[in-house]
1. Starting from the Kirkwood Rh over alpha-carbon pairs, what translational D in µm² s⁻¹ does the chain have by Stokes-Einstein at 37 °C and 0.692 mPa s?
2. Just the number, please: percent antiparallel of the DSSP beta bridges in segment 5-113, rounded to the nearest 5.
3. Relative to a virtual label point 7 Å from the Cα of D24 in the Cα→beta-carbon direction, which members of segment 71-112 show backbone nitrogen distances below 12 Å?
4. Per DSSP helix of 4 or more residues, -39500 (n - 2.57); summed, then divided by the residues of the chain. What does that give at 222 nm, rounded to the nearest 500?
5. Mind giving me the nanometre distance, one decimal, between the label points for K113 and Y100, set 7 Å out from Cα along Cα→Cβ?
6. So what J values fall out for segment 65-77 if you push phi through Karplus, 6.51 cos²θ - 1.76 cosθ + 1.60 with θ = phi - 60°, rounded to Hz, Gly and Pro as x?
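Readers should treat all values here as calculations from the given coordinates under stated rules, not as data from a laboratory. Just so it is clear, the structure is predicted and the values come from calculations on it, not from any experiment. When we count neighbours, we look across all protein chains shown, and the Cβ atoms used for this are built from the backbone with ideal geometry, even at glycine.
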Amino acid sequence: MKISSKDRKKFRIRNKLKKHAGLDRFRLTIFRSTKNISAQIIDDNKKATLISVSSVEKDIKSMKKSNKSELSKIVAEKLAKKAQEKNISKIYFDRGIYKYHGRVKIFADTLRKNGLKV
């Protein structure tokens, strides 16, 4: 079975991150579609999702937003609040197949501003 180029890129990036990340950090993975963005913090040792936030949740969807960049900021702020409630401060950022540019970069910068060490 042949693996697609997107999957190869995703595995390559994820495996590099897992090699260099210590046991004291969790992985933050991001998914970006044309209209929405979602992210989750994953504990790779237990293979469990600790926190997840998406722009399709009711409270975020009901907010007045003007563009997709603002939506990324709102989702990142909510994720940072949930992470602080669970005493998570160190994560490593798994950008997946996306370039560190645009909404993905805004998302990561907003997390840093709200106290997470990315």
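1. My calculation gives 222 µm²/s for D.
2. For segment 5-113, the DSSP antiparallel bridge percentage is about 75.
3. 89-91
4. It comes out at -13000 deg cm²/dmol, rounded to the nearest 500.
5. Result for the modelled spin labels: 1.9 nm.
6. Result, rounded to whole Hz: 10, 9, 8, 6, 5, 5, 4, 5, 5, 5, 5, 5, 5.
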